[in-house]
Amino acid sequence: MLKSFMPIRKNEEPKSNEITDKELYLNRREFIISAAALALPIKSDGKKLNFTKNQELSTNEGQTSSDVVSNYNNFYEFSTGKTDIVDLAKNLHTHPWSISVEGLINNPKGYDIDELLKLFPLEERVYRFRCVEGWSMVIPWVGFPLAELVKRCQPQTSARYVEFVTLLDAKQMPGQKSAVLPWPYVEGLRLDEALHPLTLMAAGIYGEVLPNQNGAPLRLVVPWKYGFKSVKSIVKIRFVQKQPQTTWNATIPGEYGFYANVNPQVSHPRWSQAKERRVGEFLKRDTLMFNGYAAQVADLYTAMDLTKNF
Ligand SMILES: Nc1nc2c(c(=O)[nH]1)N[C@H]1C(S)=C(S)[C@@H](COP(=O)(O)O)O[C@H]1N2
Ligand SMILES: [Mo]
């Protein structure tokens with residue numbers, strides 16, 4: 001039942017090329033065949049977003065195909081599987097949706113998602129994305145910098161961390177009926193990480209509204225950290241003084257640190273993090289320090305021993 005994150009099974013690092021070749025190829029082929037039979041357009045029916053492209057903060061590496069990004073997911077609220085989440089998440093109601101921004105700030109407020117997205121101009125940023133399980137993708141996100149929201153909140157001097165909480169609703173999220181993780185899913189950043197220009201609140205991918213399985217209507221994206229920091233379907237953002245108890249760190253502290261910076265020199269206790277498989281590629285590539293964003297983010301951690309603060 002429990003997949004690669006959990007301690008009771010041996011490393012099940014996914015063979016991404018296999019996933020692409022077998023499951024996705026078959027799914028895609030079936031889909032094309034049935035869509036053709038019904039004369040449906042193959043293209044998703046996602047809603048287009050208005051945005052500008054931020055070239056400066058984008059990688060020009062080849063983008064992972066949108067079919068892979070929206071059909072191979074991690075979202076334990078629905079399933080510990082990867083390819084069943086797309087179906088299980090179909091009925092998640094993402095409108096109306098409100099996000100409570102609270103804690104040690106002068107400007108606490110409950111935001112309706114549509115209201116919130118009108119406050120900040122949306123940008124497309126193509127980021128590398130590295131899962132702790134050993135696979136990586138290149139994804140064009142559409143969103144706004146978290147820093148813009150943080151500034152609007154006016155954090156008090158006592159605010160040192162930001163906590164993010166996913167929706168808790170076992171009726172909509174069947175995975176929450178299982179105790180596989182403590183619910184709701186919680187993640188956190190230090191305030192300076194939250195203010196970093198690379199840190200994005202994403203509302204879309206590939207120019208369209210985020211599919212439910214990718215964390216609609218709003219999820220975090222922190223490209224220099226392992227994927228589990230990028231918490232999905234957020235309902236609460238809370239400014240706090242103490243380091244938040246984050247889900248994976250609290251559940252298995254020896255394997256998943258609070259910082260979760262991508263670091264090829266710090267092995268996961270059950271597997272090396274030195275290499276990764278870019279989904280769709282055959283040969284593994286070397287994992288880069290901070291997922292290739294060292295020039296931008298290494299300064300945040302100069303005072304830290306990254307083997308202890310993993
Ligand atoms: N709420 C919530 N957020 C989550 C997860 C989850 O299980 N629940 N999984 C994380 C992990 S491990 C990864 S790799 C990414 C996957 O994002 P994607 O499915 O959009 O690629 O979401 C992260 N955010
Ligand atoms: Mo992950």
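The values are calculated or read from the model by the stated rules, or taken from the named source; none is laboratory data. Just so it is clear, the structure is predicted and the values come from calculations on it, not from any experiment. Cβ: placed from backbone, ideal geometry, glycine included. Neighbour counts: every protein chain shown.
Kindly list the number of the only condition in (1) within 12 Å of TRP135 (Cα to Cα); (2) outside any loop (DSSP other than H, G, I, E, B); (3) not hydroxyl-bearing (Ser, Thr, Tyr) that fails for VAL297. Unmet for VAL297, out of (1) within 12 Å of TRP135 (Cα to Cα); (2) outside any loop (DSSP other than H, G, I, E, B); (3) not hydroxyl-bearing (Ser, Thr, Tyr): (1). Consider PHE228 carefully, then state whether it is touching a residue at least 60 places away in the same chain (Cβ under 8 Å) and not in a loop (DSSP other than H, G, I, E, B). It is true that PHE228 is touching a residue at least 60 places away in the same chain (Cβ under 8 Å) and not in a loop (DSSP other than H, G, I, E, B).
Quick check, is GLY215 more than 8 Å from ligand 1 (Cβ to nearest atom), in contact (Cβ under 8 Å) with a residue 12 or more places away in the chain, touching a Lys or Arg at 6+ places or on another chain (Cβ under 8 Å) and within 13 Å of GLY143 (Cα to Cα)? In short, no. For VAL266, the requirement of being in a helix (DSSP H, G or I), closer than 18 Å to PHE310 by Cβ and among the β-branched types (Val, Ile, Thr) is not met.
Checking the stated criteria, SER230 turns out to be of a type in the set (S, T, N, Q), modelled with pLDDT of 95 or more, within 12 Å of ligand 1 (Cβ to nearest atom) and closer than 18 Å to GLY134 by Cα. Residues that are touching a Leu at 6+ places or on another chain (Cβ under 8 Å), surrounded by 19 or more Cβ atoms within 10 Å (Cβ to Cβ) and under 21 Å from ALA298 (Cβ atoms) within region 239-278 comprise TYR259, ASN261, VAL262, ASN263, listed in sequence order. In a residue-by-residue description of region 128-136, the property of being β-branched (Val, Ile, Thr), closer than 19 Å to PHE75 by Cβ and within 16 Å of ligand 2 (Cβ to nearest atom) applies to at least one position.
Can you find a residue that is closer than 24 Å to LYS109 by Cα, in contact (Cβ under 8 Å) with a residue 12 or more places away in the chain, within 16 Å of ligand 2 (Cβ to nearest atom) and of a type in the set (D, E, K, R) anywhere in region 189-206? Within region 189-206, not a single residue is closer than 24 Å to LYS109 by Cα, in contact (Cβ under 8 Å) with a residue 12 or more places away in the chain, within 16 Å of ligand 2 (Cβ to nearest atom) and of a type in the set (D, E, K, R). Within region 131-146, is even one residue of a type in the set (D, E, K, R) and within 16 Å of ligand 1 (Cβ to nearest atom)? Looking through region 131-146, at least one residue is of a type in the set (D, E, K, R) and within 16 Å of ligand 1 (Cβ to nearest atom). Exactly one condition in (1) in contact with a Gly (Cβ under 9 Å, 6 or more places away or on another chain); (2) of a type in the set (Ser, Thr, Tyr); (3) more than 10 Å from ligand 1 (Cβ to nearest atom) is not met by SER158; state its number. For SER158, the failing item is (1).
Restricting to region 88-127, name every residue that is away from ligand 1 (no atom under 12 Å from the Cβ) and closer than 30 Å to MET289 by Cα. Result: LEU122, GLU123, GLU124, ARG125, VAL126.
Whenever a residue of region 156-180 is under 10 Å from TYR76 (Cα atoms), its partners that are polar (S, T, N, Q) and surrounded by 14 or more Cβ atoms within 10 Å (Cβ to Cβ), lying with C-beta atoms within less than 9 angstrom and at least six residues away or across chains, give the pairs MET173/THR166; MET173/SER233; PRO174/SER79; GLY175/SER79; GLY175/THR80; SER178/THR80; VAL180/THR80. Taking the criterion of being within 19 Å of PHE5 (Cα to Cα), surrounded by fewer than 21 Cβ atoms within 10 Å (Cβ to Cβ) and among the small types (Gly, Ala, Ser), the residues of region 160-199 that qualify are GLY175, SER178, ALA179. Applying a threshold of 7 Å to beta carbon distances and a minimum spacing of six or more residues, or different chains, the list of pairs starting in region 253-271 at a residue that is farther than 17 Å from SER136 by Cβ and in contact (Cβ under 8 Å) with a residue 24 or more places away in the chain and ending at one that is aromatic (Phe, Trp, Tyr) and crowded, with 16+ Cβ neighbours inside 10 Å reads TYR256/PHE228; TYR256/TRP248; GLY257/PHE310; TYR259/PHE310. Considering region 26-137, the qualifying helices (runs of 4 or more DSSP H), each wholly inside and each with 1 or more residues that are more than 28 Å from PHE282 (Cβ to Cβ), touching a Phe, Trp or Tyr at 6+ places or on another chain (Cβ under 7 Å) and modelled with pLDDT of 95 or more, run over 85-88, 113-119. Taking every residue in region 81-105 that is within 30 Å of ARG160 (Cβ to Cβ) and pairing it with any residue that is hydrophobic (A, V, I, L, M, F, W, C) and in a loop (DSSP other than H, G, I, E, B), at least 6 positions away or on another chain, the pairs with Cβ-Cβ distances below 9 Å are TRP97/LEU167; TRP97/ALA216; TRP97/LEU218; ILE99/LEU218; GLY103/ALA159; LEU104/ALA159; ILE105/ALA159.
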